[in-house]
Amino acid sequence: KAAMEKILWQRSLQLRDQQHAWQDSPEGRKMLEFRKSLPAYKEKDAILTAISQNQVVIISGETGCGKTTQIPQFILESEIESVQGAGCSIICTQPRRISAMSVSERVASERGRNWVGYKVRLEGIKGRDTHLLFCTTGILLRRLLVDRNLKGITHVIVDEIHERGMNEDFLLIVIKDLLPRRPELRLILMSATLDAELFSSYFGGARILRIPEALRAADFKEYGSQTRESLSCWNPDCIGFNLIEYLLCNICENERPGAVLVFMTGWDDISSLKDKLLSHPILGDPSQVLLLACHGSMASSEQRLIFDEPKDGVRKIVLATNITETSITINDVVFVLDCGKAKETSYDALNNTPCLLPSWISKVSAQQRRGRAGRVQPGECYHLYPRCVYEAFAEYQLPEILRTPLQSLCLQIKSLKLRSISEFLSRALQSPELLAVQNAIEYLKIIGALDENENLTVLGRYLTMLPMEPKLGKMLVLGAIFNCLDPILTVVAGLSVRDPFLTPMDKKDLAEAAKSQFSRDYSDHLALVRAYEGWKDAERDFAGYDYCWKNFLSVQSMKAIDSLRKEFFTLLKDAGLVDSNTTICNAWSHEEHLIRSVICYGLYPGLSSVVHNEKSFSLKTMEDGQVLLYSNSVNARESKIPYPWLVFNEKIKVNAVFLRDSTAVSDSVLLLFGGSMSKGDIDGHLKMLGGYLEFFMKPAIAEMYQTLRRELDELIQT
Ligand code: ADP
Ligand code: MG
C-alpha cells in the first residue's frame with residue numbers, strides 16, 4: 001500500500017509540473033487570459049469552496065459564462081495543485097454525443113491536450129492519464145451497471161440538467177442512492193436556466209450557487225419578428241420557408257461575415273428547406289455559401305462538419321434541430337434564426353400510444369437557442385415568431401420521463417438489480433404516471449424480457465447489453481441465433497435512423513413509385529434491405545450518390561445505416577452473441593421467409609389485422625380499432641394484401657392513428673414468432689395471442705396455436 005501511495009504521489013508531482021509548464025508556455029498563457037475573462041472564472045474560489053464543503057452543489061449561470069468548459073477544469077486544476085491530481089477522476093456528462101465530443105475537444109485545447117478525454121457509444125479518446133472525462137449520460141449509466149459504487153470516481157458533474165432527459169432523471173435517482181455510500185464523492189449539477197430549488201430540495205436542501213450575470217463579453221441584438229414588416233403575414237402553422245430564405249438572403253447580402261445557425265422543427269423541414277435553398281441563386285451557390293445540416297440521426301463524423309471553418313468569403317449556414325441547442329459553441333456563429341418549434345414526443349398512456357408532433361418550444365429552449373450566438377463575437381438572434389407567442393411558451397419543457405414510453409428505462413432499472421420498478425420510479429424527481437409504468441412492465445413481459453415476477457429473463461439480460469429499443473435488440477438477438485444477421489442488421493439500423501426513403505413534397509408520386517420498385521413482398525423492412533444492398537453495390541462502383549438521387553434515397557441515412565450496422569455488430573460480439581465469423585452468421589441471410597419471421601419476432605405485439613373488403617382492405621388493431629398506413633409505406637400502394645396480418649414498427653397518433661413501416665405476415669409466422677420464446681411463460685402468451693385471435697374471430701387458429709406452441713416449448717426445453 002505504501003508503495004502504491006508513493007507512486008501516486010510521484011505521479012501527482014509530475015502532473016503539477018506538467019500543468020505549470022503549460023501555464024507558462026505562450027499558448028497556455030493566452031488561453032488562461034481568455035479563461036479569466038469569463039464570468040465563471042471570477043467565481044472560481046467560491047465554487048471550489050462550495051464543492052469542498054458540500055456533497056451536492058447546484059450551479060447556474062447565463063449561457064456562455066463558462067460553466068461547461070471551466071468548472072470541470074477548476075476542479076481538475078485545484079486537485080493537481082493540492083498534489084492529489086493522480087487520484088482524481090472527474091466525469092462530466094452531456095445530454096448528447098455531439099456536445100460531449102465538442103466540449104472535450106475545446107477543454108483539451110484549453111489545457112494543452114493534457115488529461116482530457118471523451119467517451120460516447122462505441123467511440124472515444126480515453127487513456128490511462130485521463131482525469132477529466134466528458135461522456136454522454138448513457139455511458140455513465142452503463143458504467144453504473146457494472147460498478148454500482150463508481151469506484152475511483154471523485155466528482156460527477158451533470159451538465160444541462162434543465163433538459164430533464166430520461167437518462168438524467170434516471171441518473172439522479174441512482175446517484176442519490178449512492179451518495180451516502182460514498183461520502184467523499186461530489187455531485188455537481190449545472191445549467192443555464194434551472195429550477196434550482198426543485199433540484200436542491202430533491203437533494204435535501206443542496207447548496208445553490210449562481211454565477212452573477214457579468215457584462216457579456218460579446219454584444220447581443222435580438223429581433224422579435226414583428227419588427228420586420230415582412231412578417232405581417234405570419235402563420236403559426238407554417239414556419240415560413242420564404243421568410244427564412246428572405247432573412248438568409250438578406251444576411252448574405254447586407255450583413256457582416258459570420259455563420260448562421262437556423263433552428264428548424266425536424267429532419268423533414270431541414271431537408272425540404274435545404275432543397276429549396278439549393279435552387280436559390282445566392283444561397284445555393286457553393287462559392288458563396290456552405291450549406292450544412294445537423295440532426296440527431298446523422299453519423300457523428302458528419303455532425304462534426306458544422307464546426308469547420310468555411311473558405312474565405314464563403315458564409316456557413318447550418319440548418320439544425322435542437323441537438324445543437326445546448327452546450328456547444330460553433331465558433332463562427334454570429335446569427336441565429338429560431339423558428340420556435342421542435343418535434344416533441346408525448347405519450348398517451350391510456351391508449352398506450354406515442355405521439356410525435358411539432359410543438360412550441362419552452363422559454364428555456366428559446367434562451368438556449370439564442371445563446372448559441374454571440375459566444376465568441378457579437379451576435380444577433382431572429383425569433384421567427386411574435387412576442388405574444390413567446391409570452392405563451394411554457395417556462396420549461398415537460399420532463400421526458402413524463403412524456404415517453406418507459407420500456408427501455410424499466411429494462412435498465414431491472415439490470416441494476418433493483419427489485420421493484422414502481423418503487424424505484426416513485427423516487428424520481430417527478431414520478432411518471434402509474435399507468436405508464438404498468439404499460440411498460442406489461443410490454444416487457446409480453447416480449448419476454450421479464451418473467452411473471454418482473455425478473456429479467458435470459459433474453460432480457462441480453463437486451464440490457466444492447467443500448468437500443470428492446471424490440472430492435474430482440475430482432476438482433478434472433479437474427480444472430482438464426483444466422484441471418486446481415487439483413488437484420490440493416491433493418492435494425494434502418495429503424496434507428498431517419499427514414500432513408502425521401503418524399504419531397506412536389507415529387508411525392510415519383511418518390512413513392514421509386515420506393516415500390518424495391519418491394520415485392522408487402523414489407524417496408526425488406527424494401528429497405530433491398531435499397532441498402534443496391535446502394536452498397538453502387539458504392540463499390542463509386543455511384544452511390546447517383547443511385548440515391550435516382551431512387552429518392554437519403555445518402556446521409558444510407559451512410560448512417562452503414563456505420564450503425566458496424567456498431568451493432570460490435571455490440572453483438574461484446575455480448576457474446578456472435579463471433580467475428582460473418583459467413584456463419586449469414587448462412588441463412590438470403591431466406592426471406594426467415595427474415596420476415598425474425599422481424600415479426602421483434603415487432604410483436606405491434607400487430608394489426610388486415611380486413612379485406614371488395615376493392616381494398618382496411619386495418620385494425622386491438623387498442624385503436626381502425627388504423628391507417630403512412631402514405632409512403634409500400635403497403636399503402638397495394639389494393640390487396642395476401643396476408644392476414646401486418647406487424648409494424650411504430651404507431652403514431654396525429655389526427656388518426658398511423659402505422660409506420662410494416663411487414664405482412666402469415667398466420668403460421670405469427671403463431672411461431674409472435675411473443676416470446678423463453679421458457680415457462682408460454683401460458684401468458686397463449687392468453688395474449690389467444691385474446692388477439694379471439695378478438696379477430698379466428699378460434700380454429702387459436703387452437704392450432706396452442707398445440708403448436710406447447711410442442712415448440714417442449715422442444716426448446718429439451
Ligand atoms: P456555458 O456552459 O456557461 O454556456 P461554455 O463553458 O460552453 O459556457 O463556454 C464559455 C465560453 O467559452 C463561450 O462563451 C466561448 O466564448 C468560449 N468557448 C467555448 N467553446 C469554444 C470553442 N469551441 N471555440 C471558441 N470559444 C469557445
Ligand atoms: Mg454549457
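The values are calculated or read from the model by the stated rules, or taken from the named source; none is laboratory data. In this text the structure is predicted, and so the values were computed from the model without any measurement. Every residue, glycine as well, gets a Cβ built from its backbone with ideal geometry; the counts of neighbours run over all protein chains shown.
Odds and ends about this structure:
- Residue ranges of strands (runs of 3 or more DSSP E) in region 103-209 with at least 2 members closer than 23 Å to Arg427 by Cα, within 16 Å of ligand 2 (Cβ to nearest atom) and not acidic (Asp, Glu): 155-158, 186-191
- The residues on offer are Arg35, Arg29, and the sole one that is out of contact with any His (no Cβ under 6 Å at 6 or more places or on another chain), within 11 Å of ligand 1 (Cβ to nearest atom), basic (Lys, Arg) and assigned to a helix (DSSP H, G or I) is Arg35.
- Which numbered condition Ala428 misses (of (1) closer than 26 Å to Asp451 by Cβ; (2) at pLDDT below 85; (3) touching a helix residue (DSSP H, G or I) at 6+ places or on another chain (Cβ under 8 Å)): (2)
- Residue, modelled with the lowest pLDDT, within region 169-217, restricted to residues that are within 16 Å of ligand 1 (Cβ to nearest atom) and charged (D, E, K, R): Arg216
- Check on Arg11, away from ligand 2 (no atom under 16 Å from the Cβ) and not polar (S, T, N, Q): yes
- For the residues Leu185, Leu132, Leu189, the requirement of being buried (at least 20 other Cβ atoms within 10 Å of the Cβ), under 30 Å from Gln18 (Cα atoms), more than 22 Å from the chain's Cα centre (by Cα) and touching a residue at least 40 places away in the same chain (Cβ under 8 Å) singles out Leu132.
- Criterion violated by Val578 - all others in (1) closer than 20 Å to Lys274 by Cα; (2) part of a loop (DSSP other than H, G, I, E, B) satisfied: (1)
- Filtered residues of region 466-507 (kept if among the hydrophobic types (A, V, I, L, M, F, W, C) and in contact with a strand residue (DSSP E or B) (Cβ under 7 Å, 6 or more places away or on another chain)): Leu495, Phe501, Leu502
- Restricted to region 76-102, and to residues there that are among the β-branched types (Val, Ile, Thr) and more than 16 Å from Leu189 (Cα to Cα), the residue that is nearest to ligand 2 (Cβ to nearest atom) is Ile98.
- Complete set of residues in region 91-129 that are within 15 Å of ligand 1 (Cβ to nearest atom), surrounded by 20 or more Cβ atoms within 10 Å (Cβ to Cβ) and touching a residue at least 40 places away in the same chain (Cβ under 8 Å): Cys92, Thr93, Gln94, Pro95, Arg96, Ile98, Ser99, Met101, Ser102, Val103, Arg111
- Residues of region 43-74 satisfying the condition of being touching a residue at least 40 places away in the same chain (Cβ under 8 Å), more than 13 Å from ligand 1 (Cβ to nearest atom) and assigned to a helix (DSSP H, G or I): Ala46, Ala50, Ile51, Gln53
- A Cβ distance below 8 Å, combined with a sequence gap of six or more or placement on separate chains, defines the contacts here; from region 362-376, residues that are under 14 Å from Gly66 (Cα atoms) and more than 12 Å from ligand 1 (Cβ to nearest atom) reach no residue that is in a helix (DSSP H, G or I) and charged (D, E, K, R).
- Residue in region 63-75 that is away from ligand 2 (no atom under 15 Å from the Cβ), under 24 Å from Gln10 (Cβ atoms), surrounded by 22 or more Cβ atoms within 10 Å (Cβ to Cβ) and modelled with pLDDT under 95 present: no
- Options Glu454, Glu442: the member that is charged (D, E, K, R) and on the phi > 0 side of the Ramachandran plot: Glu454
- Residue that is surrounded by the most Cβ atoms within 10 Å (Cβ to Cβ), among those in region 38-62 that are within 11 Å of ligand 2 (Cβ to nearest atom) and of a type in the set (A, V, I, L, M, F, W, C): Ile59
- Residue among Leu444, Leu466, Leu459 that alone is touching a Gly at 6+ places or on another chain (Cβ under 9 Å), surrounded by 23 or more Cβ atoms within 10 Å (Cβ to Cβ), farther than 18 Å from Asp169 by Cβ and among the aliphatic types (A, V, I, L, M): Leu444
- Subset of region 144-164 [within 23 Å of the chain's Cα centre (by Cα), away from ligand 1 (no atom under 16 Å from the Cβ) and modelled with pLDDT of 90 or more]: Val156
- Assessment of region 566-573 against the conditions (exposed (fewer than 15 other Cβ atoms within 10 Å of the Cβ), in a loop (DSSP other than H, G, I, E, B) and among the β-branched types (Val, Ile, Thr)) yields no matching residue.
- Every residue from region 384-434 that is part of a helix (DSSP H, G or I), among the aliphatic types (A, V, I, L, M) and in contact with a Leu (Cβ under 7 Å, 6 or more places away or on another chain): Leu411
- The residues in region 571-589 that are in contact (Cβ under 8 Å) with a residue 40 or more places away in the chain and within 15 Å of Phe482 (Cα to Cα) can be counted, and the count is 10.
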